[in-house]
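Scroll down for the structure; my scribbles are underneath it.
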Amino acid sequence: MPNIVALKLSSSYPTTAHFKAVDEGSLLVLDQLALQQQINANFIFHAISNYKKTPFERKTQDFIAKKWLQIQMLWREFRLRDKQIRRSHKDEHWLEHGYFQQELYELVHEKYLAARSCLSRDKRNLLNGILGQPAMP
């Protein structure tokens with residue numbers, strides 16, 4: 001499976017000539033935060049992919065709850081770091097940085113919502129399967 005995040009960002013970084021007037025320390029901070037976002041996005045995509053590959057027989061209520069918590073925590077970390085990046089680097093001269101040129105946030109948000117829907121559906125199906133069975137005599 002290709003690295004979706006790397007493909008998204010591969011051509012998005014501008015030349016460094018633009019950032020000559022910008023504080024290089026701030027650029028390094030932004031680059032580091034953007035890299036952390038890429039890593040976090042990959043963790044989210046892998047968690048979702050691994051969950052989808054899991055056979056339904058292994059998907060217990062406890063398993064679904066743990067996976068949901070894992071994905072939710074990763075998404076929260078991603079969202080908070082995105083807010084930090086946008087708050088700290090909201091000046092116009094940063095808008096050419098690759099992080100602001102890509103649509104990583106939208107992509108991760110879309111995948112997160114799809115995973116949330118999938119987990120809810122599986123949990124509902126599991127509960128309906130358990131609750132829908134006739135009582136044992």
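Annotations for the structure displayed:
- Computed E for Lys123/Phe43 - FRET, C-beta separation, R0 30 angstrom, nearest 0.05: 0.85
- Cβ crowding within 10 Å ranks Ser88, Ser117 as Ser117, Ser88, fewest other Cβ atoms first.
- Projecting the alpha carbon convex hull of the stretch 28-73 along each direction and taking the average yields 3.2 nm².
- One compactness figure for the stretch 22-131 is 1.33, namely its Cα radius of gyration divided by 2.2 N^0.38 Å.
- Per DSSP, loop trypsin sites (Lys or Arg not before Pro) in the stretch 42-118 with at most 16 further Cβ within 10 Å: Lys90
- By other beta-carbon atoms within 10 Å, ranking Phe45, Phe100 with the fewest at the front produces Phe100, Phe45.
- Restraint check, Lys90/Lys123; Lys59/Lys111; Lys52/Lys90, Cα-Cα greater than 29 Å: Lys90/Lys123; Lys52/Lys90
- Applying both filters, DSSP loop and at most 12 other Cβ atoms within 10 Å, to the GluC sites (Glu not before Pro) of the stretch 52-114 gives Glu103.
A short reminder: the numbers here are calculations on the coordinates, not readings from a lab. Quick caveat: nothing in here was measured; it's all calculated off a predicted structure. Neighbour counts run over all protein chains shown; Cβ positions are idealised from the backbone, glycine included.
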